[in-house]
Amino acid sequence: MLLLLTLPFLYPFVFLINTALKPRSEFERDSVSLSTKLTFENFASAWTDADLGAAMLHSVISVSIGVLVAVAISVTGAFWFVRRPGRWSTSWRVLLIATTAIPLPVYIIPLFLQLSDAGLTDNLYVMGAIYAGWTSSLGLYLVYTFLKAIPDELLEAAQLDGANPWQQLAYIVLPLCKPIVATLAVLAFVATWSDLLAGVVLIQDPEKRLLIPATALLNDLHVSNVPRTAAAVVIAMAPMFVVFLVGQRSLARGILAGIGK
Amino acid sequence: MHQLTENTRVARRTAFSGLRRVTSAASELFMVLPVTVLIAFVVLIPVGSAIWHSFTEWTPGYGSTWIGLDNYREIFASDQFQQLLSNQFILLLGVPLWVGFPLAVSFLLYEGVPLPGAFRAIFFFAGTSPPALIGLLFSFMLATNGTLNETLRRLGLGALANGWLTNENLVKPVIILVLAWATMGMGVVLFSAALTAVDGELLESAELDGAGWWQRMRHIILPSIRPTVELWTVLLVIMVFTGIFPWIFTLTGGGPGYASTTLDWDLYVNALTYGNFDFAAAESVLLLAIAAFIMGVGWMSAKYRESRA
């Protein structure tokens, strides 16, 4: 019964890989059957002709900046909020965390205009910073909740030893935060790697496209080459697959923690 | 004399440590500054800009003039917006499906099958794959000359072949089914987690007391997972209004005509294709209001349940 239910979920992936490995001429004759001849030319064509190799590099740059910065500023920010409870700091924290609930389509256009005024569109590093800003509100929430659950004595002991806040952050808080940092990093990676909207709006220069926007736009060109686009989809999905295999647990935990508020 | 220097030294030391405390508090602000500045620039200021500009006639680069509610009036009066709203409400009809499917699958997994983890992983991978890529994948299969129609023809069911994404009556139900596929994984993860939290001892003692499957389901399992079901429903309703963009981008481009245009797609097209930035701003604000309303309802229903419990 359940096996039957999983078939519709497996078949599209089988179809995808089969199509990506099928010569284009054969696909146009017959898009259904298993490929008679396996070819990697679709991958080669996607990687070089459609410039997905470059797009992959762009995505790696923006997404890794995004994840690293999001982790760094969420941990330091959350530590400050834990150290300085109070009415002001509470409303400040709630305001920052509440931005998680604002959907990206609400602010993407004004954000684009603001960046474009400053000449900061089509810039992979700025894109990384945007991704960091986008995911750090959730990061702040996750790390803050995590730190709140840590006994105060740990930090107080460090204070008595004469460690200043920055030292406490580096030598005590950061090592403690490892599990939540892993969760946050996986979540931020999945969210930003999958992003289409911010990518198509903020980077419009074809030379600088990120991977998923570049792949999605392949379909838009008037020459439709389905096997090549299928190969592109496989390429764009591969890093997600790796992260999924390594971080499935962190991911599930992160989604549950992120959603459950 | 000796006493005096001792006093000044103490005074100096306390003054110095006070100063150090102040500078340390100031330097600590650098811990919270980056996250504040980034969120302000990426989210808060643009949201403010959208709200402000939705009440103006706005040509970026040429300034804006206050026109009150005119943008909103114009939007509500347009035929296109009526169509768009009805699209949104038809998509909402998918919500029971997107809740029911994963709920049923989670029950099956919970009742005990071999390798539940493997099944969960398959659904979960499908559910965490980038929507844009899944959309592309489905666009190959559902195209008029695509694989689904060809398969139907080969099975001798050619009469059933259809323009799944180009027929204006079919396009929304098809999108609902694609979304059922895409939301399954997350739903199963959520519901499975909720089901493992059901009190096992209570279930066992109920069974010993002779409670049947349906009674256990109705009096123990369902009440215990109800908050999760409500939460998932709220998230799905929000998705219908704010998360359809990648699907429309890859599957239909909003067509045929406006048959699959949603609010989040329309504001993108208005801004970047037609340069109607003030219109897009007003649509963003509507989106924000809708999201806030849905979350408010979800929050209040959770509060109401707590107060009754």
Relative contact order %, chain B, counting alpha carbon pairs below 8 Å whose residues are six or more apart:
25
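What FRET efficiency comes out for A:Ala44 versus B:Leu155 if R0 is 45 angstrom and r is the Cβ-Cβ distance? Round to the nearest 0.05.
Using R0 = 45 Å, I get an efficiency of 0.85.
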Total formal charge among the other residues, if their Cβ is under 13 angstrom from that of B:Glu201, Lys/Arg +1 and Asp/Glu -1:
-3
What's the extension gain from B:Ile45 to B:Arg226 if we count 0.36 nm per residue and subtract their Cα-Cα distance?
61.4 nm
Estimated vicinal HN-Hα couplings, Hz - the range B:95-107 in sequence order (Karplus 6.51, -1.76, 1.60; Gly, Pro = x):
4, x, 5, 6, 8, x, 3, x, 5, 4, 5, 5, 4
Across the protein assembly as shown, how many lysine pairs, 8 or more positions apart or on different chains, have C-alpha atoms separated by under 25 Å? Please give the number.
6
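How much length, in nm to one decimal, is gained on full extension between A:Thr6 and A:Ala157, taken as 0.36 nm per residue of separation minus their Cα-Cα distance? Please report the intermediate quantities before stating the final value.
Working: separation 151, 0.36 × 151 = 54.36 nm, distance 5.29 nm.
So the extension gain works out to 49.1 nm.
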Counting other C-beta atoms within 10 Å, which of B:Val99, A:Val94, A:Val233 has the fewest, and how do the rest follow?
A:Val94, B:Val99, A:Val233
Counting only chymotrypsin sites (Phe, Trp or Tyr not before Pro) that are in a DSSP loop and have at most 10 other C-beta atoms within 10 Å, tell me the longest site-free stretch of chain B.
B:63-273
Tell me which trypsin sites (Lys or Arg not before Pro) from the range A:33-102 have a DSSP coil assignment and no more than 10 other beta carbons within 10 Å of their own.
A:Lys37
Compute the convex hull volume of the Cα atoms of the range B:45-139, divide it by the residue count, and report the result per residue in Å³ as a whole number.
192
Folded to 0 to 90 degrees: helix B:116-128 orientation relative to chain B principal axis, Cα:
80
For the range B:223-233, 3J(HN,Hα) per residue [Karplus equation, 6.51 cos²θ - 1.76 cosθ + 1.60, θ = phi - 60°, Hz, x = Gly/Pro]
x, 6, 9, 4, x, 5, 4, 5, 4, 4, 4
HN-Hα J in Hz across the range A:241-249 - Karplus 6.51, -1.76, 1.60, θ = phi - 60°, x for Gly and Pro:
4, 4, 4, 4, 5, 6, x, 4, 5
Can you sort A:Val67, A:Val32 so the residue with the fewest Cβ neighbours within 10 Å comes first?
A:Val32, A:Val67
What percent do you get for the relative contact order of chain A when only Cα pairs under 8 Å and 6+ apart count?
32
Relative contact order for the range B:168-309 using alpha-carbon pairs under 8 Å, separation at least 6, rounded to a whole percent?
23
Can you give me the angle between helix A:124-148 and the longest principal axis of chain A, using Cα atoms only, in degrees from 0 to 90, rounded to the nearest 10?
50
Run the quick spin-label model on A:Thr145 and A:Gln167: label points 7 Å from Cα toward the beta carbon, then report their separation in nm to one decimal.
3.3
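Which FRET efficiency value, to the nearest 0.05, do you get for B:Asn167 and A:Val60 by plugging their Cβ-Cβ distance into 1/(1 + (r/R0)^6) with R0 = 30 Å? Each step should come with its number before you reach the end.
On the way: r = 40 Å, r/R0 = 1.34.
FRET efficiency, B:Asn167 to A:Val60: 0.15.
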Considering amide H positions built from the backbone, and no H for Pro or chain starts, which residues 5 or more places from B:Thr56, or on another chain, come under 5 Å of its amide H?
B:Ile67
Helix B:263-272 vs. chain B, principal-axis angle (Cα, 0 to 90°, nearest 10)
70
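Quick note: the coordinates plus some simple rules give every number you see, no bench work behind them. Remember, predicted model here, so these are calculated numbers, not experimental data. Here Cβ is always computed from backbone atoms with ideal geometry, including for glycine, and neighbour counts include all displayed protein chains.
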